[in-house]
1. Only residues that are crowded, with 17+ Cβ neighbours inside 10 Å and either over 19 Å from Tyr170 (Cβ atoms) or of a type in the set (D, E, K, R) (or both): list them for the stretch 365-391, please.
2. Within the stretch 128-148, track down each residue that is assigned to a loop (DSSP other than H, G, I, E, B) and crowded, with 22+ Cβ neighbours inside 10 Å.
3. What are the residues in the stretch 265-281 that are touching a residue at least 40 places away in the same chain (Cβ under 8 Å) and surrounded by fewer than 17 Cβ atoms within 10 Å (Cβ to Cβ), if any?
4. Pull out all pairs, ordered by first then second residue, where Cβ-Cβ is under 8 Å, the residues are six or more apart or on different chains, the first lies in the stretch 382-407 and is within 17 Å of Met327 (Cα to Cα), and the second is surrounded by 14 or more Cβ atoms within 10 Å (Cβ to Cβ) and acidic (Asp, Glu).
5. Can you tell me which condition Asp445 does not meet? The list is (1) out of contact with any strand residue (DSSP E or B) (no Cβ under 8 Å at 6 or more places or on another chain); (2) under 30 Å from Gly277 (Cα atoms); (3) assigned to a helix (DSSP H, G or I), and all the others hold.
6. What are the residue pairs meeting all of these: first residue in the stretch 25-48, first residue under 23 Å from Arg129 (Cβ atoms), second residue charged (D, E, K, R) and more than 6 Å from the ligand (Cβ to nearest atom), Cβ atoms under 7 Å, and 6 or more apart or on different chains?
7. In the stretch 1-115, which helices (runs of 4 or more DSSP H) lie fully inside it and hold 2 or more residues that are away from the ligand (no atom under 13 Å from the Cβ) and aliphatic (A, V, I, L, M)?
8. Please find, within the stretch 149-172, the residue that is nearest to the ligand (Cβ to nearest atom) out of those that are buried (at least 20 other Cβ atoms within 10 Å of the Cβ) and among the charged types (D, E, K, R).
Amino acid sequence: MTRDVVVLGSGAAGLTAALAAAQAGADVGLYEKSDVLGGSSAISGGVPWMPLNHHQDEAGVSDTREEALAYLASLSLDRMDPAMAEAFVDHARETVQWLESTTEARFTLLPHYPDYHPENPGGKPDGGRSLDPGLFSYARLGPWQDKVARSKRSAHLKITDTTLGGGTGYLSEEELQRRVDADLRGCGNALVGPIIKALLDLGVEPVLNARATDLVLSDGRVTGVRFDVDGREQVVGARHGVVLATGGFEWDPELVAAFLRGPMTAPTSMPTNTGDGLRMAMRVGAQLGNMGQAWWVPAVKIPGDTAFGQQRSNLVNRERTLPGSIMVNRAGRRFTNEATNYNALGGAFHQLDPVTFTYANLPAWLVFDHAHAAKYGTFGAPAGTAVPEWVATAPTVGDLAAQVGIDPAGLEATITRWNAFVDQESDEDFRRGDSAYDRWSGDGDHRFLKASTLGRIDSGPFYAVQVESGSLGTSGGPRTDTSGRVLDTHAEPIPGLYAAGNVAAAPTAMAYGGAGGTLGPILVFGRLTGLAAATDLQSV
Ligand SMILES: Cc1cc2nc3c(=O)[nH]c(=O)nc-3n(C[C@H](O)[C@H](O)[C@H](O)COP(=O)(O)OP(=O)(O)OC[C@H]3O[C@@H](n4cnc5c(N)ncnc54)[C@H](O)[C@@H]3O)c2cc1C
């Protein structure tokens, strides 16, 4: 079989590339390794970060190209390719409009959700760039209704219902029933559902359980793909181009060890993201970029908790931001502003102690007291219920430290110091609570106040949970130009080969602007890549 465009992977990158190519008139084949569609995108928060989006106009948010670019540059340590960042900012608005005009996707602003570094130049303390995909009825997908990856816990929640989006994490029984009856799903499912629907309407039938294993080359041009379909090899030809959209390599320990800049032991994404696209691109001579980086996140593994057949790693966002908790290393010392954004925290986990030649802040522990657990709940155990048995518990701080292997005197001194900072409403060590972002993500009863994140740790029993260095997905891979064409080691496009999403070097490099900092660029470049592949001038 031969198609015009062959797209590998059905996350946000693959879906948008496939849709743009199909709308441009290409005969598109969409192939997915898993037995469900959507990849990590489907189980994500589904929030894209889109500077200058048109919903800002209605809400009176002011944003400019210069602000957005200055802001991204301030987070990039000079690692970002300005041309890629400019293409992202310049096409963000039209990408949102395109999704809303050609699919059933409908976005609204995530109200007041600050950028992740809102005090940096061009940052937005009152939000406006992060979008909520709302709810989408999966009944609209007909026979594909149950063939999309979903989170067992939160499929029916909108991002604004989740604690991440400023909600409580719970729905009234009546509202939950309404959503279950109509199979209304939010977050990542609401992002990918409308695109899948649009593809089905255009006659693009995705192929599941199709693992791409290699690219076919003819005279230096990529002309097809080898697949393993249920153990049988199949070859599909590509007249115009092949789009790699196979996600990151976070689930492949060998590639993780070879490339990432520090430990990453807790991938939170789809386990099928094992770097297949990266290996295919390397074999045909792609130039690589951003390889040490991932979209970092602190994560906790709950014994016996699985997702997609693997140990689940839970994102630790709210627990480390709410009052009455801190994070410490084995010396019992705090090492960062716990309330800062998850991606930036990766740097704190990778700090090397040059004397002992160990990672200074791994392992790390979240330490909290009983008042915190009683008011906010603990890793899925709702407020007012017992703290789960897997959580280390002790009557005193010293006993807790000894139990989990933290220096007891260090932890006691740290908590005394922390409580003094809380009393004076100023964290002199790490400025927790100074940023609008820290205050937004904490206790909603004190929103916009430092008390939303600063709280004493003084009511026993005391608790500790080990926190690992995790990731939402890796962000390095083949470098591309602004049309998604994969570049070779001499910076020339490899004819017929395209890449978008986490399989490729991220267009914003290490910069994670705000909620949606990965999906925003992915939607923009997924579309640009699909368009370029459909109209590949070097074909025929
Ligand atoms: C819990 C969670 C919440 C998140 N929330 C957000 C958020 O709100 N906003 C945000 O910006 N980012 C968020 N992220 C990150 C975001 O989900 C990812 O960056 C994004 O989904 C990556 O999209 P992608 O299309 O590149 O890859 P994916 O969505 O992971 O899709 C890759 C697909 O390729 C398939 N594949 C792999 N190998 C092959 C092969 N050989 N052949 C065929 N198919 C293959 C995989 O099975 C997978 O379906 C979150 C991530 C997680 C885990």
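The values are calculated or read from the model by the stated rules, or taken from the named source; none is laboratory data. In this text the structure is predicted, and so the values were computed from the model without any measurement. FYI the Cβ positions are ideal-geometry reconstructions off the backbone, even for glycines, and counts take in every protein chain you see.
1. Residues satisfying the conditions are Trp365, Leu366, Val367, Phe368, Asp369, His370, Val391.
2. Within the stretch 128-148, the first condition is being assigned to a loop (DSSP other than H, G, I, E, B), and the residues that meet it are 128-129, 133-135, 145-147.
Once the filter is applied, which keeps residues that are assigned to a loop (DSSP other than H, G, I, E, B) and crowded, with 22+ Cβ neighbours inside 10 Å, the stretch 128-148 yields Gly128, Arg129, Pro133.
3. Listed by number, the list holds a single entry, Thr265.
4. Pairs that qualify, where the first residue is within 17 Å of Met327 (Cα to Cα) and the partner is surrounded by 14 or more Cβ atoms within 10 Å (Cβ to Cβ) and acidic (Asp, Glu), are Val397/Glu412; Gly398/Glu412; Ala401/Asp407; Ala401/Glu412.
5. For Asp445, the exception is condition (2).
6. Listed by first residue and then by second, the contacts come to Ala42/Arg150; Ile43/Arg150; Val47/Asp132.
7. Numbers: elements: 12-23, 39-43, 55-59, 65-74, 82-102.
The qualifying helices (runs of 4 or more DSSP H) are 12-23, 65-74, 82-102.
8. Filtering first and then ranking leaves Lys158.
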